[in-house]
Amino acid sequence: MPPVPFTLNRYVLREVLRWYAAGLALFLILQLTDTLSTTVSYLLLYHATLPEALAAFGAIAPNVLNRSLVLAVPFAVLLAFGRLQGDSELKAMFAAGVRPLGLVWPLALPFLLVGAVAFVNAGYVVPGGQERWDRAWYTIYGQTPPPPSQENYTFAPPGALFYAGRVTNNAGGHVAQLEGVLVQRGQETVTANSGTWDTRAHTWTLPNAWITRPGEDPRQLKTPLVLSQADTLDPPQSPAEQVSTPELRTRLASERGTPQERRDDAFQLARRYADPVTPVVFALAAGMLGLLLRSRAAGFAATVVFLVMFYVLWISVPQLARVGALAPTLAAWLPSLAFLLLATVLAWRLR
């Protein structure tokens, strides 16, 4: 078959981009409306001022934009191809000898640019917005943000184990508060409800500690127990969603944090690279599917099914990565890989 004329590709791209602009606006409005509907009662209850409300919505806007950039792609491609099929324009092109796949490959070009915007936005703008979103709501509630804390702290020097359910450093100095303490030293187990950690003196001080030894009844000490502990007190890690891409790479390379925190970091970093590829994969998969449509109604139905499939995958994989059921990198790339497989199967069908 002869190559697809440039004018035809330009015509199809113009039709798709027109629908993309409409889809982008639609998904922005829908998501912001959903956010407003779930928060308006709290805004009214706590008498939030207009600047406070605008600050909160301005903070969440980059995240909403990133999702809209991706979701608008299948919306645009499927509805555009449904319209072209409904008006028999695609049939006329095919009758003139146009290769079906020749209409699809050029769709990747504009959405490469969309992916680049999504990459920069997700890696450098969204994390700061997530942090400002949390701060904005503390301002609306009239509360002070809680002090940074580390959950499930564990330190295992040779012959010992130090564990605290929570480590809180209120003042940001060298002394931290401990909750839910357990220390194992050889055959001796020490437990305490609370304590303090002085990193300058390298000690844990545990009031009202209980000591358990083999063959003996547990006994409670009358005086605070002071234990040597040589670990350093690092600032608690911010959630991975609130950390920029370069900082996330540095944090992963340091190998600090609990296994779950490291899995969260690895998943979030991989998703920063996987999500920007999704618009291109969506354009190809939706384009292949769109060539098989027969009407506008079929285009609308395919759009709904397409988005539901992606949404189910997109919200499921973070939990699978967090609990270790899937490798973080595989979990992050799974939605794109699934639709790339769909595009491959459809391309084989249309060859």
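Throughout, read-outs are computed from the coordinates displayed, never taken from laboratory work. For clarity, every value in this text was computed on a predicted model and none was experimentally measured. Virtual Cβ from ideal backbone geometry, glycine too; neighbours counted across all protein chains shown.
Calculate the spin-label point distance for Val120 paired with Val40, positioning each point 7 Å from the Cα along the beta-carbon direction, and give it in nanometres.
3.5 nm
Among the GluC sites (Glu not before Pro) within segment 188-280, which fall in a DSSP loop and have no more than 16 other Cβ atoms within 10 Å of their own Cβ?
Glu216, Glu255
Does segment 212-351 come out rounded, prolate or oblate by the C-alpha gyration tensor, with a ≥ b ≥ c the root eigenvalues, rounded set by a/c under 1.5 and, if not, prolate when a/b is larger than b/c and oblate if not?
prolate
Given 0.36 nm per residue, what is the gain on full extension from Leu330 to Leu161 after removing their alpha carbon distance, in nm?
Length difference between fully extended and current span is 57.5 nm.
Just the Cα atoms of the chain: what Rg and Dmax do they give in Å?
When restricted to Cα atoms, the chain yields Rg and Dmax of 27.5, 94 Å.
Taking every pair of alpha-carbon atoms in segment 1-143, give the share separated by more than 19 Å as a whole percent.
That fraction is 61 percent.
Hey, in the GNM for the chain with a 10 angstrom Cα cutoff, which one of Val280, Val16, Val190 fluctuates hardest?
Taking springs between Cα atoms under 10 Å, the residue moving most is Val190.
What spacing in nm lies between the two simple spin-label points modelled at Val323 and Leu30, each 7 Å away from Cα in the Cβ direction?
Reported label-point gap for Val323 and Leu30 is 2.9 nm.
Is segment 250-326 rounded, prolate or oblate when judged by the Cα gyration tensor, a ≥ b ≥ c being the square roots of its eigenvalues, rounded requiring a/c under 1.5 and prolate requiring a/b larger than b/c?
Prolate.
How big is the convex hull of the Cα atoms of segment 149-228, per residue, in Å³?
Taking only Cα atoms, segment 149-228 has a hull volume of 82 Å³ per residue.
Considering only C-alpha atoms, what is the centroid distance from segment 38-92 to segment 100-115, in Å?
Cα centres, segment 38-92 to segment 100-115: 22 Å.
To the nearest 500 deg cm²/dmol, what mean residue ellipticity at 222 nm is calculated for the chain from DSSP H runs of n ≥ 4 alone, each contributing -39,500 (n - 2.57), summed and divided by the residues?
Per the formula, -20000 deg cm²/dmol.
With labels modelled as points extended 7 Å from the Cα through the Cβ direction, what inter-label distance (nm, one decimal) is found for Arg99 paired with Gln184?
Result for the modelled spin labels: 6.4 nm.
Quick one: check the C-alpha center-to-center distance for segment 154-198 versus segment 279-351, whole angstrom.
47 Å
Which of rounded, prolate, oblate describes segment 186-251, given a ≥ b ≥ c as roots of the alpha-carbon gyration tensor eigenvalues and a/c under 1.5 marking rounded, otherwise prolate only if a/b is larger than b/c?
Judged from the Cα gyration tensor, segment 186-251 comes out prolate (a/c at least 1.5, a/b above b/c).
Most fluctuating residue of Pro276, Pro110, Pro51 in a GNM of the chain with Cα springs under 10 Å: which is it?
In this elastic network of the chain, the residue with the biggest mean-square fluctuation among Pro276, Pro110, Pro51 is Pro51.
Hey, in the GNM for the chain with a 10 angstrom Cα cutoff, which one of Arg67, Arg200, Arg83 fluctuates hardest?
Arg200
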